[in-house]
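Q: Here you go, one structure.
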């Protein structure tokens with residue numbers, strides 16, 4: 001069974017790790033004045049920090065659109081038996097909501113489980129890495145089968161020990 005893992009760019013995972021674990025990262029949007037960039041796609045981390053330090057305008061962020069998620073889910077559903085999509089806390093961003101709406105736009109296809117990580121940054125990244133390793137070991141994507149979704153908090157707390 002092939003399970004694909006999706007997260008957002010707030011997970012702060014290096015490209016080498018996302019490539020190694022075959023993770024799909026949906027970029028958040030960064031706005032500097034009238035300029036809009038997709039995080040780590042249209043603007044590098046170095047360029048972001050240079051603008052942050054030296055630019056006249058501080059950035060604002062925006063969540064990916066539901067269509068961004070639907071497009072990714074559609075592509076991955078052709079390669080997978082299931083998709084686990086793990087995102088930053090819904091209390092901090094609308095990214096989780098966009099992922100849920102993207103799933104609805106997708107309609108039928110492989111099972112998709114959207115997870116509100118209730119965290120952000122490297123804590124989210126650690127959960128995503130653990131989920132990817134669990135998926136590789138053959139875990140099912142459905143919570144009722146004891147899969148990744150039902151073990152989400154187990155993933156989180158394993159890294160806090």
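The values are calculated or read from the model by the stated rules, or taken from the named source; none is laboratory data. All figures in this text were calculated on a predicted structure; none of them were measured in a lab. Please note: Cβ atoms are built from the backbone with ideal geometry, for glycine as well, and neighbour counts cover all protein chains shown.
Q: Determine which member of the set 30, 13, 17 is within 15 Å of the chain's Cα centre (by Cα), within 21 Å of residue 121 (Cα to Cα), at pLDDT 95 or above and surrounded by 16 or more Cβ atoms within 10 Å (Cβ to Cβ).
A: 13
Q: Quick one: residue 7 ticks every box in (1) in a strand (DSSP E or B); (2) not assigned by TED's automatic domain parsing to the domain that holds residue 130 bar one, so which box is it?
A: Going through the list (1) in a strand (DSSP E or B); (2) not assigned by TED's automatic domain parsing to the domain that holds residue 130, residue 7 breaks only (2).
Q: State whether one or more residues within the range 30-39 are part of a strand (DSSP E or B), under 15 Å from residue 98 (Cα atoms) and out of contact with any helix residue (DSSP H, G or I) (no Cβ under 9 Å at 6 or more places or on another chain).
A: No, the conditions are met nowhere in the range 30-39.
Q: Condition first: touching a helix residue (DSSP H, G or I) at 6+ places or on another chain (Cβ under 8 Å), in contact (Cβ under 8 Å) with a residue 60 or more places away in the chain and surrounded by 14 or more Cβ atoms within 10 Å (Cβ to Cβ). Can you find one or more residues in the range 133-140 that meet it?
A: no
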